[in-house]
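What follows is calculated from the coordinates using simple rules that are stated; it is not laboratory data. As the structure is a prediction and not an experimental result, all values here were calculated from the model.
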Amino acid sequence: MSAKPVLIAQISDLHIKPPGALAYGRVDTASALERCVAALNAFTPKPDLVVISGDLADTPTAEEYEYLKRLLAPLKLPTVGIPGNHDSRELMRATFPQAAYAYPTGPLNQRVESGGLDLVLLDSSVPGRPHGELDAPTLQWLDATLASSPVRPAVLFLHHPPFKTGIWHMDRQYLLNAGELAAVVKRHPRTQLIAAGHIHRAILTMFAGIQSTICPAPNHAVDLDLAELREPSFKVEPPAFHLHAWFPGEGFGSVVTHQVPIGHYDGPHPFFGPDGKLL
Ligand SMILES: [Fe+2]
């Protein structure tokens, strides 16, 4: 039998408001997170870890983080988070005090081991601004962290994608110093995947020669407007999360990303009847 994969669930852009409030006056992000938590708890086999890739709160306020903690309490899986542009580093530190942050203040970078895989969580938030940037200490920490165990495969998580997606208003607020990230990861071939959030849509590309993904959200999606037809807009599309499966193997093994829809759908049904013939 082949070796068991390490399963990392990624959820993103929760945008939790105070109890009873709707995001943008329309989206019940708390109910969306409750459905997401139920889907994570029901998934078999159990993911090894859940990474929340930013925008946990919306405003942000202490009340929103308190509500977030209540909504996450039923989740039966270990969970780590990184800030997005809607978050507060200080409030996140207070919300997740047990996390192994790289520094006592400033960016909330973390390295987390899950089986044979290293997860490197990068804080790309710039306090008070929508765009992303990795500051000099974070880039140095990333370089040193990737250099520290060169034979272990690594997956990088950060909120802001280091590439443009073609959605005009989001392309103004991506990771502005993506070139500096590319320079670091190119020095360390052990990086197998870069996983971001921020756009609320499933998106795939290559960045610096590495497969790169953006995770969809459990709530609303940024409108797929590739022609500057509209003011910045959102749509309520089918909710989902990502499940990154790392399979040990030759070299650094391999990573496959599955998109998992949230909700109840018909099935699973067998393809074949008891006689072995297709139904
Ligand atoms: Fe964001």
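In this model, which of Lys164/Lys186; Lys164/Lys235; Lys46/Lys164; Lys17/Lys235; Lys46/Lys69 are farther than 29 Å apart at the alpha-carbon? From the list (Lys164/Lys186; Lys164/Lys235; Lys46/Lys164; Lys17/Lys235; Lys46/Lys69), the Cα-Cα distance tops 29 Å for Lys46/Lys164.
Between Leu22 and His264, what length in nm is gained on full extension when 0.36 nm per residue of separation is reduced by their alpha carbon distance? In short, 84.8 nm is gained.
Need the C-alpha centroid separation for region 65-88 versus region 150-168, integer Å. If you average the Cα positions of each part, the centres end up 21 Å apart. Straight Cα distances below 12 angstrom link Lys4 to the aspartates and glutamates Asp48, with same-chain residues fewer than 8 positions distant left out.
Only helices enter the 222 nm calculation for the chain: every DSSP H run of n ≥ 4 contributes -39,500 (n - 2.57), and dividing by all residues gives -6000 deg cm²/dmol, rounded to 500. Compared with the alpha-carbon gap, the fully stretched path from Leu77 to Ser31 is longer by 14.7 nm at 0.36 nm per residue.
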